[in-house]
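The values are calculated or read from the model by the stated rules, or taken from the named source; none is laboratory data. None of the values given here were measured: they were computed from a predicted structure. Here the Cβ is made from the backbone with ideal geometry for all residues, glycine too, and neighbour counts use every protein chain on show. The protein model used for the area step is the full one, side chains on, heavy atoms only, and it has no ligands, DNA or RNA in it. Shrake-Rupley method; radii C 1.70, N 1.55, O 1.52, S 1.80 Å.
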Amino acid sequence: MARYTRITGMNDVLFEEQRYWRYVLERIQHVTDLYGYRRIDVPVMEVTALFVRGVGEGTDIVEKEMYSFEDRDGTMVSLRPEFTAGIMRAYIENGLHVLPTPLKVWTTGPLFRHEKPQAGRYRQHSQFDVEVIGEQDAAVDVEVISVAWHLFRDLGFRDLRLEINSTGCPQCKPGYVRRLVDFFTPLADQLPEVDRMRLCKNPLRLLDSKEEATQPLLERAPHIIEHLCAECAEHFAQLRRYLDVLERPYRINYRIVRGLDYYTKTVFEIKAAGLGAQDTICGGGRYDGLIAELGGSPTPGIGFGSGIERIVLAMRQLNLPVPEEVTPQVMVCYLGETAKLTAVRLVEQLRDAGIRSVLAFGDRSLKAQLKHADRIGAAYAVILGEEEIQAGGATVRAMAQGSQAVVALNQLDSWLRMALASEASPAMA
RNA sequence: GUGACCAUAGCUCAAUUGGCAGAGCAUCUGGUUGUGGCCCAGAAGGUUGCGGGUUCGAGUCCCGCUGGUCACCCCA
């Protein structure tokens, strides 16, 4: 019989890697508490129309990457390819505008995009997502960036690159796109195939082209920063002022073009070393038109997504320390059926006393049981045999030292708690 | 969707010109009547990704497919 395998681009997260996930999640909770963000969870599925409207009809995500299907009642539904649209739907549907403004939320969970997998890119991947709804102040933009920055610093990242840009607004963006087209159209015959495609389909994409031949032309191409309307220019200036106050290093990257239609004004990316071609571990921006687009009253917003697989990948690449996996403190071993009865009861009592304990199963030899205790990293083995049972005690073996003591059963939990407390706190490695 | 490279035990990898599919690690058992790590012995573990072809004979050569990796596209 053929074996079942993972679906392309969807991965198992095994135990060694769970250490990283657990740590990243823990630091996320810490930093969101620190900055005053509340958790929100939204469904992994929404009606397809929400994403078409929210993400943008012409985007690759909507056009060819969504997992969409007809539900049993005939409505078209999709696995979420990003968080923002669903959160904005929840904001409007639940009337969250009555909460103190701005509303600052975060979430995490799986997203689905049918892309061809490569390093740091998977069809099911997880993001840490942050959204601030209801405030257009550029100080919010800086705070949102700081949440990500703070998290990455906490996780041990150095040498991060923060890159910012502005994509303007419906007032100034179309004018800039026209300038860009006007600039490249006479040069079209110098452009490679892909970039000629971009020129007609999505001119902004020319800006982040990797084509060799296009690079010198891009040097001379107009920058959007120089063609912003007064409001967007002022917003961008404010953003820079606040970043400067924080002494946060950043680079203006005229070529950041985010792929989703809804971005306005501020867009930014944070990049990490050690990741290969997909080195962006955080990307986001402002979306002041989105809520109105989805049927709410006009409300500004800003947010980012940060790929957890990429974070973990980079951490492993950079050898950043994470807490050791939690292992059992005690393994209860037994010899014979009578002792096993005591063991079954004892292991549960130890857990009641807050001691991480496991039971040896399967009536194996003591040798096999101790070997198991060693392999799973238990600090102590409690051995119950006929002799111990008769005396009302247990042999306790300290695995690291190989030393043993006989302890009365009714004192075992306090004895073990004392012994465990005197050990060193968990190491980072 | 396009391209390059790859596919042998749970994992990492051998297998000469085309000639009996192997090792290390991991798992289980034993080396003491009840004592882990090191060592020793043994067991179990495979339709060599799948399907064709060439050949007396294919893990090895040829074709197709599937899957994986990386890159493009795009994105976190």
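In terms of Cα to Cα distance under 19 Å, which aspartates and glutamates are near enough to A:LYS116, apart from those fewer than 8 places away along the same chain?
Those aspartates and glutamates meeting the cut-off are A:ASP12, A:ASP60, A:GLU63, A:GLU65, A:GLU82, A:ASP279, A:GLU309.
Amide H neighbours of A:GLY393 under 5 Å, at least 5 residues apart or on other chains, H built in the peptide plane: list them.
Residues meeting the amide H criterion: A:LEU409.
Would you work out the charge dipole size for the stretch A:155-236 about its Cα centre, treating the Cβ of every Lys and Arg as +1 and the Cβ of every Asp and Glu as -1, and quote it to the nearest 20 debye? Walk me through the numbers on the way to the answer.
Working: 11 positive and 13 negative charges, 42 e Å.
The calculated dipole for the stretch A:155-236 is roughly 200 debye.
Within 10 Å, count the other beta carbons around each residue, average over each peptide in A:386-398, A:5-17, A:370-382, and list them highest first. Don't jump to the answer; show the numbers that get you there.
Values: A:386-398: 16.1, A:5-17: 10.4, A:370-382: 18.0.
Answer by packing, highest mean first, reads A:370-382, A:386-398, A:5-17.
Highest GNM mean-square fluctuation, chain A, Cα pairs closer than 10 Å: which of A:GLY74, A:GLY284, A:GLY156?
With Cα springs under 10 Å in chain A, the top fluctuation among A:GLY74, A:GLY284, A:GLY156 is at A:GLY74.
Quick check: at a probe of 1.4 Å, how many percent of the accessible area of the stretch A:320-426 sits on carbon and sulfur atoms?
Details: 3220 of 6150 Å².
Here carbon and sulfur together make up 52 percent of the probe-accessible area.
Taking the Cα centre of the stretch A:1-149 as origin, sum charge times position over the Cβ atoms of Lys and Arg (+1) and Asp and Glu (-1), and report the length of that vector in debye to the nearest 20.
Working: 17 positive and 23 negative charges, 113 e Å.
Value, rounded to 20: 540 debye.
Out of A:SER68, A:LEU34, A:GLY58, whose Cα points farthest toward the positive end of the dipole of the stretch A:26-86 (charges: +1 Lys, Arg; -1 Asp, Glu; placed on Cβ)?
Among A:SER68, A:LEU34, A:GLY58, the one farthest towards the positive end of the dipole of the stretch A:26-86 is A:LEU34.
So, in Å, what gap is there between the alpha-carbon centers of the stretch A:272-287 and the stretch A:159-237?
After rounding, the separation between the Cα centres reads 19 Å.
In nm, to one decimal, how far is the A:ARG255 label point from the A:LEU341 one, both placed 7 Å along Cα→Cβ?
Placing both labels 7 Å beyond Cα along the Cβ direction yields 7.7 nm.
Length gain on complete extension for the stretch A:ALA237 to A:LEU99, per 0.36 nm per residue less the alpha carbon to alpha carbon distance?
Details: separation 138, 0.36 × 138 = 49.68 nm, distance 2.96 nm.
Stretched fully, the A:ALA237-A:LEU99 segment lengthens by 46.7 nm.
In nm, what is the difference between 0.36 nm times the number of residues separating A:GLU348 and A:LEU318 and their Cα-Cα distance? List each step's numbers first, then the result.
Values: separation 30, 0.36 × 30 = 10.80 nm, distance 4.09 nm.
Result for the pair: 6.7 nm of gain on full extension.
Using a probe of 1.4 angstrom, how much of the accessible area of the stretch A:52-122 is carbon and sulfur, in percent?
On the way: 1800 of 3540 Å².
Roughly 51 percent of what the probe reaches on the stretch A:52-122 is carbon or sulfur.
To the nearest 500 deg cm²/dmol, what mean residue ellipticity at 222 nm is calculated for chain A from DSSP H runs of n ≥ 4 alone, each contributing -39,500 (n - 2.57), summed and divided by the residues?
It comes out at -11000 deg cm²/dmol, rounded to the nearest 500.
Among A:CYS169, A:CYS229, A:CYS333, which one moves the most in a GNM of chain A with springs linking Cα atoms closer than 10 Å?
Of A:CYS169, A:CYS229, A:CYS333, the most mobile in the Gaussian network model is A:CYS333.
If Lys and Arg each add +1 and Asp and Glu each add -1, what is the summed charge of the other residues whose beta carbon sits under 9 Å from the beta carbon of A:ALA85?
Details: positive: A:ARG53, A:ARG80, A:ARG89; negative: A:GLU46, A:GLU82.
Charge balance near A:ALA85 sits at +1.
With labels modelled as points extended 7 Å from the Cα through the Cβ direction, what inter-label distance (nm, one decimal) is found for A:ILE225 paired with A:MET399?
Computed distance between label sites A:ILE225 and A:MET399 equals 5.7 nm.
Show which lysines lie in cross-link reach of A:LYS104 when reach means a straight Cα distance below 28 angstrom and same-chain residues fewer than eight apart are skipped.
Reachable lysines: A:LYS173, A:LYS265, A:LYS271.
Output the DSSP H helices from chain A with an along-axis C-alpha extent of no less than 18 Å and a mean Kyte-Doolittle hydropathy no less than 0.5.
Values: long enough: A:15-35 (30 Å, -0.95); A:138-154 (24 Å, 0.79); A:230-245 (22 Å, -0.31); A:337-352 (23 Å, -0.31).
Flagged H segments are A:138-154.
In debye, nearest 20: dipole of chain A around its Cα centre with unit charges on the Cβ of K, R (+) and D, E (-)?
Charge dipole of chain A: 600 debye, to the nearest 20.
Keeping every protein chain in place, order A:MET315, A:MET45 by accessible area at 1.4 Å, biggest value first, i.e. largest first.
Order by accessible area, largest first: A:MET45, A:MET315.
Give me the distance between the Cα centres of the stretch A:64-93 and the stretch A:41-55, rounded to whole Å.
3 Å
Could you report chain A's accessible area per residue, 1.4 Å probe, as an integer in Å²? If you can, show how the numbers build up before the last one.
Values: 22100 Å² over 429 residues.
Accessible area per residue, chain A: 52 Å².
As a test question: what accessible area, to the nearest 10 Å², does A:ASP60 have when a 1.4 Å probe is rolled over all protein chains in place?
Roughly 70 Å² of A:ASP60 is accessible to a 1.4 Å probe.
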